[in-house]
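Okay, structure first, notes after.
Quick note: the coordinates plus some simple rules give every number you see, no bench work behind them. Given the structure is predicted, the values throughout are model-derived calculations rather than measurements. Please note: Cβ atoms are built from the backbone with ideal geometry, for glycine as well, and neighbour counts cover all protein chains shown.
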Amino acid sequence: MSDFPWQALYSAALSESDPMKLNGRIEAARRAIHQRLDHLDDASSPRERRQLEDALHVLFTLAARRRSA
């Protein structure tokens, strides 16, 4: 089970095989990740912030590949 909602949405986006659903999954994961980033303060874990930034990068790449396919 995921620690944060963004993790479940991120996993769902990565495992989505239906091209018609992929964009919606990516957007849901992006929103959840940005929401989590908004709730982090300066004392928050740098590791978690890096995980969130890495996840956004992967989602961006996934969306770009989908557009070019």
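For this structure, a couple of remarks:
- In the stretch 4-37, residue farthest from Val58 (Cα to Cα) [restricted to those that are more than 9 Å from the chain's Cα centre (by Cα) and of a type in the set (Asp, Glu)]: Asp18
A quick yes/no check of all residues on (1) among the aliphatic types (A, V, I, L, M); (2) touching a residue at least 24 places away in the same chain (Cβ under 8 Å); (3) farther than 25 Å from Arg67 by Cα:
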{"site": "Asp3", "(1), (2), (3)": "no, no, yes"}
{"site": "Trp6", "(1), (2), (3)": "no, yes, no"}
{"site": "Ser15", "(1), (2), (3)": "no, no, no"}
{"site": "Glu27", "(1), (2), (3)": "no, no, no"}
{"site": "Asp38", "(1), (2), (3)": "no, no, yes"}
{"site": "Asp42", "(1), (2), (3)": "no, no, yes"}
{"site": "Glu48", "(1), (2), (3)": "no, no, yes"}
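- Condition check for Asp42 on (1) under 13 Å from the mean Cα position of the chain (by Cα); (2) of a type outside the set (Val, Ile, Thr); (3) outside any helix (DSSP H, G or I): one failure, at (1).
- Look at (1) of a type outside the set (Phe, Trp, Tyr); (2) surrounded by 10 or more Cβ atoms within 10 Å (Cβ to Cβ); (3) more than 11 Å from Leu9 (Cα to Cα) and you find that Arg47 fails only one, number (2).
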